[in-house]
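For reference, the structure is listed below as structure tokens.
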Amino acid sequence: MSRMEDEEIRRRKIEEALEVKSLRRIISAYLNYPEAAEEDFRRYETYFRRLPPSHKALLSHLPSKFQKLRWCVSQNSYFIFEMLKAFDPPLDMSQDIDIISEQFVENVSDNHPFSGERNPFPCQCESSSGQMSSLKADELRFEEGGNAVDGSPKAEPVYEEKKTEPLVESNTGNCSIGLAFDKKVCVSSPDWLDPALQLHVPLVDVDKVRCIIRNIVRDWASEGQIERDQCYKPILEELERLFPDRAKGSPPACLVPGAGLGRLALEISCLGFISQGNEFSYYMMICSSFILNHTQTAEEWTIYPWVHSNCNSLSDSDQLRPVSVPDIHPASAGIAEGFSMCGGDFVEVYNDPSQVGVWDAVVTCFFIDTAHNVVEYIEIISRVLKDGGVWINLGPLLYHFADMYNQEDDMSIELSLEDVKRVASHYGFQIEKESTIETTYTTNSKSMMQNRYFAAFWTMRKKPLATTEQSIG
């Protein structure tokens, strides 16, 4: 074996070790959820004890409320642990990760899919005090992402079950990933949940777990129907309008980048499309896999998503209210053949030559502003669409990396809506329909604070190549 081959083998081992370390960090964030909540509750109790006796008498119900909060968190923790037990990691989680050297991490960090800190969620994940938590100095610098440890754009099957035949599989594009609706959840804890394998994680990671719980409400609870009607319904109605004859012949193929917990991709499948959701975040993928693959009945689980903030509550009962999930049984929803979820970075996966001209439609909902370079996103969306294909978008331009300071290797290209449309025109898109839609995102409907977006909603059609070249020239 040559020295070059030896170095390549070593590099691949370290790449996989980096992914294992990153996935352990994400799992650790889930497992540290109850401990972080307990720290909040102890702080509440400390503050209460500092009150003068007369004030304690006025607020004598608070110790009881703190105990109720603990119980609610225990129910959320039960859901989380069952979810983790059902998760089938795509990597050997018991492998040695001590082979990672700081020097090597620095050398590969630019190309590694987990390098850098990324917030995959458009909602702001607040701590119980209402303040954004900050990164700790010793925080590891990597993130959840694609599964291909050799750097290839092809995504490994993150949702495929080993012991069951997939009910549906994708026959579109480069990601062949089936969803197996297995009704069995692990009885015992897998070895990779051993506490000895867990990492210390900063509070910002646990805040992402809390944000996931809020996203569950948006996608998979009756309480989230209002937001789904605001965001998903216009998209679904537009797809129905644009593809009225989809039941005849081969069904059209629709890609949903930034699919989150999978509800929009599932709803598109139920309309008769070959629907593929793409998601980068392991926080999201672990949860969506559990809901899609392991749900036995509608409203099987009860969570308490609003217990982590005492701010802007109309009443304690509102803060402590339960939410049943999922509102539907995914396997019985009427999905069409070809429904799949593909794990990996959008640019890494869909910039592959095999994806050129594959899709009849691309749907982006609260997605394009997650880009480091939104121009690159638009270019890839154009490339993967067939001539005459449509791009339906709904969302703001929050630009998730806009506040990344002192990150020399990072970038954030932040364009106005006018510039975004101009770039889209350059890549062959012609606007057929556009409007503004007022909506919220993972908002507590009973909170005194309601953050609203005036989201851009458009349908663009990719002009045939000859027409595009003439217009650019």
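The values are calculated or read from the model by the stated rules, or taken from the named source; none is laboratory data. Since the structure is predicted, the reported quantities are computational estimates derived from the model, not experimental observations. Positions of Cβ are generated from backbone atoms using ideal geometry, with glycine treated the same way; all protein chains shown enter the neighbour counts. The protein model used for the area step is the full one, side chains on, heavy atoms only, and it has no ligands, DNA or RNA in it. Shrake-Rupley method; radii C 1.70, N 1.55, O 1.52, S 1.80 Å.
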ask   = If you go through the range 385-400 one residue at a time, how many are touching a residue at least 40 places away in the same chain (Cβ under 8 Å), surrounded by fewer than 21 Cβ atoms within 10 Å (Cβ to Cβ) and either under 20 Å from the mean Cα position of the chain (by Cα) or at negative phi (or both)?
value = 6
message = Return the residues of the range 408-431 that are assigned to a helix (DSSP H, G or I) and either without any contact (Cβ under 8 Å) to a residue 12 or more places away in the chain or closer than 25 Å to Y453 by Cα (or both); say none if nothing qualifies.
response = L417, E418, D419, V420, K421, R422, V423, A424, S425
task = Considering every residue within the range 290-309, establish whether at least one is more than 16 Å from the chain's Cα centre (by Cα), aromatic (F, W, Y) and in a strand (DSSP E or B).
result = yes
note = With criteria (1) surrounded by fewer than 17 Cβ atoms within 10 Å (Cβ to Cβ); (2) of a type outside the set (D, E); (3) at pLDDT 95 or above, V73 comes up short on (1)
request  = State yes or no: is R24 among the basic types (K, R) and either at pLDDT 95 or above or open to solvent by 50 Å² or more (accessible area, probe 1.4 Å) (or both)?
outcome  = no
ask   = Counting only residues that are open to solvent by less than 30 Å² (accessible area, probe 1.4 Å) and of a type in the set (V, I, T), which one in the range 316-334 is nearest to W391 (Cα to Cα)?
value = V325
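Let's see how each residue does on (1) more than 30 Å from K386 (Cα to Cα); (2) of a type outside the set (D, E); (3) surrounded by fewer than 18 Cβ atoms within 10 Å (Cβ to Cβ):
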{"residue": "I216", "(1), (2), (3)": "yes, yes, no"}
{"residue": "E238", "(1), (2), (3)": "no, no, no"}
{"residue": "P244", "(1), (2), (3)": "no, yes, yes"}
{"residue": "P252", "(1), (2), (3)": "no, yes, no"}
query = For K446, which of the numbered conditions (1) surrounded by 15 or more Cβ atoms within 10 Å (Cβ to Cβ); (2) closer than 24 Å to F401 by Cβ; (3) of a type in the set (K, R) fails to hold?
reply = (2)
task = Can you run down the residue pairs with Cβ atoms below 9 Å, 6 or more apart or on separate chains, where the first is in the range 344-360 and under 9 Å from V384 (Cα atoms) and the partner is part of a helix (DSSP H, G or I) and of a type in the set (K, R)?
result = Y350/R383; N351/R383; Q355/R383; V356/R383; G357/R383
message = Could you list, ordered by first residue, the pairs with Cβ atoms under 6 Å in which the first is in the range 204-233 and at pLDDT below 95 and the second is not in a helix (DSSP H, G or I), at least 6 apart or interchain?
response = V204/S133; V204/L135
remark   = Here the residues within the range 241-271 that are closer than 17 Å to A331 by Cβ, small (G, A, S) and assigned to a loop (DSSP other than H, G, I, E, B) are G262
query = Which one of E337, E300 is more than 29 Å from F454 (Cβ to Cβ), modelled with pLDDT under 95 and open to solvent by 10 Å² or more (accessible area, probe 1.4 Å)?
reply = E337
ask   = So how many residues does the range 27-44 have that are in contact with a helix residue (DSSP H, G or I) (Cβ under 6 Å, 6 or more places away or on another chain) and either open to solvent by 20 Å² or more (accessible area, probe 1.4 Å) or not hydrophobic (A, V, I, L, M, F, W, C) (or both)?
value = 5
key: Within the range 434-446, tally of residues that are in contact (Cβ under 8 Å) with a residue 24 or more places away in the chain and either farther than 19 Å from F367 by Cα or small (G, A, S) (or both)   = 3
